[in-house]
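Asks: Can you keep this structure in mind? I'll have questions shortly.
The values are calculated or read from the model by the stated rules, or taken from the named source; none is laboratory data. Just so it is clear, the structure is predicted and the values come from calculations on it, not from any experiment. As a convention, Cβ positions derive from the backbone with ideal geometry for all residues, glycine included, and neighbour counts pool all protein chains shown. For the accessible areas, the whole protein counts, side chains as well, though only heavy atoms, and no ligand, DNA or RNA atoms are used. Shrake-Rupley method; radii C 1.70, N 1.55, O 1.52, S 1.80 Å.
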Amino acid sequence: MNLNPNDWKRFYLGRLFDIKKGKRLTAEDQEAGCNIYIGAIDSNNGVANHIGQKPIHEGNTISLSYNGSVGEAFYQADPYWATDDVNALYSKYEGFNEFIGLFMVATIRQEKYRFSYGRKWTLENMNNTDICLPIRYNSDGSPFIDSTNFYSDEGHVPDWQFMENYIKSLHYKPLTTKNKVGNIGSLDINNWKSFKVGRILSILNGKGITNDEIEENPGTFNAVQSGEENNGVLGKIDLIYCKKKKYTVSERSCLTVARSGSAGYVSFHPNGCVVGDSAKILLLPEKIASNGVYLFIQTLLTANRFKYAYGRKVTEEKYAEDEIKLPILMAADGTPVIDNSNEFSDEGYIPDWQFMEDYIKLLPYGDRI
């Protein structure tokens, strides 16, 4: 199916949706639970936490940030609590569903530029913001006109069926998992031990790589810099070119950490990558490297990211001295297995790599890694 936006018409959000405000709930007041809490963030489908408080908004709606990450819109299938920086959009079309919601989310996000540089998307402005949508046509090719002017003063009606069909026509396969919530117990970290990052991972400093180089030497290999978007990938570059330039490359799975910019941001690259001078490659010993172990460690490294706020850069020396706690290998009698070579720690503790791998695999969707 082809999109022809030149034939689309503009509709006010207030004519398409009932827009309802979120409600402030401080971190201190949030109770532990499984209900979705939507914050004014630009990732994770807007989910900032899971809380014990009951949802205040229904599912099959759109969450839209008007402060913070202004203009970030997400389709919410399930009921949720939205913070006071987020509005909930309830469609006035009775047949509204996930496919239409995803189409409209993409369209709404095109308007976010209007509210950059600290401009807030107030409720009044949101109601009066217009977006472009495909419209219904009669069999003779003329626009279908609704005499009640429900959606627009001109009587145009959004083509809901086209939106649904377009999203369904995209080439994707729903992700499924055989793993169930509760398959794995809670983590008991009381017996975990501290390990220095430099004893667990090799740290390789990046070099060079500009947008111009990527454009002039296109390829299929991920080029990573310090950004958070797109897993830190700046673009695709030719691997042979990178080797000739003696850039920092890993052709096997690895982590990367941003040195500056989004300092401390850690991403996983299952097919390897090349890093520029604002990022570093983190490598496990090849004999123990696996997707599951990398993802487990990525989470723990990310928890240390706060150390690099306020402009602090990630240096190789400082990052190598950072410590993370990991599960350790235990003997049958419940005592720690000690490595006399002290490869990973001065105390001889050995990280339990198999536990990390198994834990990730038992998480929902872990069987798809």
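Asks: Give me the residue from segment 226-243 that is of a type outside the set (D, E, K, R), in contact (Cβ under 8 Å) with a residue 24 or more places away in the chain and open to solvent by 30 Å² or more (accessible area, probe 1.4 Å) and, out of that set, farthest from ALA263 (Cα to Cα). Give the steps one after another, and end with the answer.
Replies: Kept after step one, since they are of a type outside the set (D, E, K, R), are these residues of segment 226-243: 226-227, 230-235, 237, 239-242.
Next, from what is left, pick out any that are in contact (Cβ under 8 Å) with a residue 24 or more places away in the chain: 226-227, 231-235, 237, 239, 241-242.
Filter once more, keeping what is open to solvent by 30 Å² or more (accessible area, probe 1.4 Å): 227, 231, 234, 239, 241.
Numbers: GLY227: 9, ASN231: 14, LEU234: 16, LEU239: 25, TYR241: 27 Å.
Checking each candidate, the answer is TYR241.
Asks: Can you name the residue in segment 349-369 that is without any contact (Cβ under 8 Å) to a residue 40 or more places away in the chain and among the hydrophobic types (A, V, I, L, M, F, W, C) and, of all such residues, is least open to solvent (accessible area, probe 1.4 Å)?
Replies: Just the residues of segment 349-369 that are without any contact (Cβ under 8 Å) to a residue 40 or more places away in the chain, to begin with: 350, 352, 354-355.
Remaining after also requiring among the hydrophobic types (A, V, I, L, M, F, W, C): 350, 355.
Values: ILE350: 33, PHE355: 80 Å².
Step by step, filter segment 349-369, then rank; the result is ILE350.
Asks: May I pose another question? Confirm whether SER267 is of a type in the set (S, T, N, Q), within 25 Å of LEU234 (Cβ to Cβ) and out of contact with any Lys or Arg (no Cβ under 7 Å at 6 or more places or on another chain). Step through it out loud before you land on a result.
Replies: On the way: of a type in the set (S, T, N, Q): yes; within 25 Å of LEU234 (Cβ to Cβ): yes; out of contact with any Lys or Arg (no Cβ under 7 Å at 6 or more places or on another chain): yes.
Yes, satisfied.
Asks: Can you name the residue in segment 185-202 that is open to solvent by 30 Å² or more (accessible area, probe 1.4 Å) and modelled with pLDDT of 95 or more and, of all such residues, is nearest to TYR241 (Cα to Cα)? Can you show your working first?
Replies: Quick first cut of segment 185-202, residues open to solvent by 30 Å² or more (accessible area, probe 1.4 Å) only: 185-191, 193-194, 196, 198-199, 202.
Still in the list and also modelled with pLDDT of 95 or more: 193-194, 196, 198-199, 202.
Values: LYS193: 42, SER194: 40, LYS196: 34, GLY198: 29, ARG199: 31, SER202: 24 Å.
Filtering first and then ranking leaves SER202.
Asks: Can I ask one more? Looking at ILE56, ILE100, can you tell me which residue is touching an Asp or Glu at 6+ places or on another chain (Cβ under 9 Å) and hydrophobic (A, V, I, L, M, F, W, C)?
Replies: On the way: ILE56 fails: touching an Asp or Glu at 6+ places or on another chain (Cβ under 9 Å).
Of the residues listed, the single one that is touching an Asp or Glu at 6+ places or on another chain (Cβ under 9 Å) and hydrophobic (A, V, I, L, M, F, W, C) is ILE100.
Asks: Follow-up. Which condition number in (1) touching a residue at least 60 places away in the same chain (Cβ under 8 Å); (2) in contact with a Leu (Cβ under 7 Å, 6 or more places away or on another chain) is the one that CYS254 fails?
Replies: It fails just one condition, (1).
Asks: Looking at this structure, is PHE162 modelled with pLDDT of 90 or more, within 29 Å of the chain's Cα centre (by Cα) and under 30 Å from TYR247 (Cα atoms)?
Replies: In short, no.
Asks: OK, next. Could you tell me whether THR122 is surrounded by fewer than 14 Cβ atoms within 10 Å (Cβ to Cβ), of a type in the set (Val, Ile, Thr) and modelled with pLDDT under 95? Steps first, answer last, please.
Replies: Details: surrounded by fewer than 14 Cβ atoms within 10 Å (Cβ to Cβ): yes; of a type in the set (Val, Ile, Thr): yes; modelled with pLDDT under 95: yes.
Considered against the rule, which asks whether it is surrounded by fewer than 14 Cβ atoms within 10 Å (Cβ to Cβ), of a type in the set (Val, Ile, Thr) and modelled with pLDDT under 95, THR122 comes out as yes.
Asks: When you scan segment 325-348, do you find a residue that is surrounded by 17 or more Cβ atoms within 10 Å (Cβ to Cβ), in contact (Cβ under 8 Å) with a residue 60 or more places away in the chain and closer than 16 Å to ASN205 by Cβ, even just one?
Replies: no
Asks: Next question, about the same structure. Please work out if LYS246 is more than 25 Å from the chain's Cα centre (by Cα), assigned to a loop (DSSP other than H, G, I, E, B) and loosely packed, with under 11 Cβ neighbours inside 10 Å. Outline the logic, then answer.
Replies: Numbers: more than 25 Å from the chain's Cα centre (by Cα): yes; assigned to a loop (DSSP other than H, G, I, E, B): yes; loosely packed, with under 11 Cβ neighbours inside 10 Å: yes.
Yes, satisfied.
Asks: Residues that are over 21 Å from ARG199 (Cα atoms): list the helices (runs of 4 or more DSSP H) wholly contained in segment 269-369 that include at least 3 such residues. Let's see the steps before the verdict.
Replies: Values: elements: 291-303, 316-321, 353-362.
The helices (runs of 4 or more DSSP H) meeting that bar are 353-362.
Asks: So the check is Cβ under 6 Å with 6+ separation or different chains; which pairs have a first residue in segment 59-76 that's within 14 Å of GLU98 (Cβ to Cβ) and a second one that's part of a loop (DSSP other than H, G, I, E, B) and open to solvent by 10 Å² or more (accessible area, probe 1.4 Å)?
Replies: GLY59/ALA77; GLY59/ASP78; GLY59/PRO79; GLN76/GLY59
Asks: When segment 203-213 is examined, which residues are found to be surrounded by fewer than 19 Cβ atoms within 10 Å (Cβ to Cβ) and under 26 Å from the mean Cα position of the chain (by Cα)?
Replies: Within segment 203-213, the subset surrounded by fewer than 19 Cβ atoms within 10 Å (Cβ to Cβ) is 203-205, 207-208, 210-212.
Once the filter is applied, which keeps residues that are surrounded by fewer than 19 Cβ atoms within 10 Å (Cβ to Cβ) and under 26 Å from the mean Cα position of the chain (by Cα), segment 203-213 yields ILE203, LEU204, ASN205, THR210, ASN211.
Asks: Just one of the numbered conditions (1) over 30 Å from PRO134 (Cβ atoms); (2) open to solvent by less than 40 Å² (accessible area, probe 1.4 Å); (3) small (Gly, Ala, Ser) is not true of ALA40; which one?
Replies: If we test ALA40 against (1) over 30 Å from PRO134 (Cβ atoms); (2) open to solvent by less than 40 Å² (accessible area, probe 1.4 Å); (3) small (Gly, Ala, Ser), just (1) comes out false.
Asks: Considering each of THR302, THR315 in turn, give the residue that is in contact with a strand residue (DSSP E or B) (Cβ under 6 Å, 6 or more places away or on another chain) and at pLDDT below 95.
Replies: Values: THR315 fails: in contact with a strand residue (DSSP E or B) (Cβ under 6 Å, 6 or more places away or on another chain).
Just one listed residue meets the conditions, THR302.
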